[in-house]
1. Can you return the aspartates and glutamates within cross-link range of LYS93? Criterion is Cα-Cα under 12 Å, with same-chain partners fewer than 8 residues away left out.
2. Kindly report the accessible area of the stretch 79-171 per residue (heavy atoms of protein chains, probe 1.4 Å, no ligands, DNA or RNA), in Å².
3. If you put +1 on each Lys and Arg Cβ and -1 on each Asp and Glu Cβ, how big is the dipole of the stretch 91-171 around its Cα centre, in Debye rounded to 20?
4. What is the count of Lys pairs in the stretch 104-171 whose alpha carbons sit under 29 Å apart, if the two are 8 or more places apart or on different chains?
5. Suppose R0 equals 25 Å. What FRET efficiency, 1/(1 + (r/R0)^6) with r the Cβ-Cβ distance, do LYS93 and LYS49 give to the nearest 0.05?
6. Given a Förster distance of 35 angstrom, what is the FRET efficiency for GLN132 paired with SER40, based on the Cβ-Cβ distance and rounded to 0.05?
7. What order do you get for 139-149, 105-115, 18-28 when each peptide is scored by the mean count of other beta carbon atoms within 10 Å, highest first?
8. Using 7 Å Cα-to-Cβ label points, what is the TYR81/ILE24 separation (nm, one decimal)?
Amino acid sequence: MDLTYFMEKNMPILTKDADIKSVIDAIARRGTSAIIEHNSQPEGIITPKDILKLTGKPMRGFYVSITGIKKEDDFIRNVIYDEIASEMRKLNKITPIINLALHVDRYHEEGKRVKYSIRARLFTRKGSFFAQSHEWDITKAMRELLARFETEIIRKKERAKKQNVGRPAEN
């Protein structure tokens with residue numbers, strides 16, 4: 001496959017000496033991989049999975065990257081990690097998971113309560129999914145977000161089954 005195929009997909013092109021923040025920003029802006037060039041020649045491709053390998057935590061054959069929870073105490077972080085691990089094991093039985101990226105924002109921090117917003121992208125072999133959740137309790141927000149992923153994955157699987165009804169089986 002030549003470089004023109006990737007150019008049609010509007011992949012960002014970066015130089016070999018680009019810093020990691022520039023690479024991550026380019027990939028996040030376009031939602032795709034990035035081409036790395038040296039002396040105007042393509043040298044390689046960096047994918048979101050490559051970034052997650054650098055920044056994420058390996059979990060049962062896929063990577064999970066969670067940002068924005070450093071302010072939470074160890075107990076809450078462990079509860080969140082356990083919730084994610086449990087749900088990902090379940091979802092991985094439905095469709096193989098490639099990676100999960102989550103970001104937690106804290107807001108309305110006046111007083112004793114904090115409101116949380118969680119945004120996440122789940123990449124699977126059957127496609128990618130996006131979910132978000134907002135709650136005053138971070139664990140409740142995480143459970144709600146993970147439940148949304150489960151609902152969407154099951155819906156997609158059911159739609160695929162309905163589309164394949166009546167079609168001859170492939171050998």
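1. GLU150
2. 64
3. On the way: 19 positive and 10 negative charges, 80 e Å.
Dipole of the stretch 91-171, to the nearest 20 debye: 380 debye.
4. For the stretch 104-171, the number of qualifying lysine pairs is 9.
5. Efficiency, from the Cβ-Cβ distance: 0.75.
6. 0.30
7. Sorting 139-149, 105-115, 18-28 by mean packing, highest first, produces 139-149, 18-28, 105-115.
8. The two pseudo-label positions are separated by 1.9 nm.
The values are calculated or read from the model by the stated rules, or taken from the named source; none is laboratory data. For clarity, every value in this text was computed on a predicted model and none was experimentally measured. We place every Cβ from the backbone using ideal geometry, glycine too, and count neighbours over all the protein chains shown. Each accessible area value is taken on the protein alone, full model and side chains, heavy atoms only, with ligands, DNA and RNA left out. Shrake-Rupley method; radii C 1.70, N 1.55, O 1.52, S 1.80 Å.
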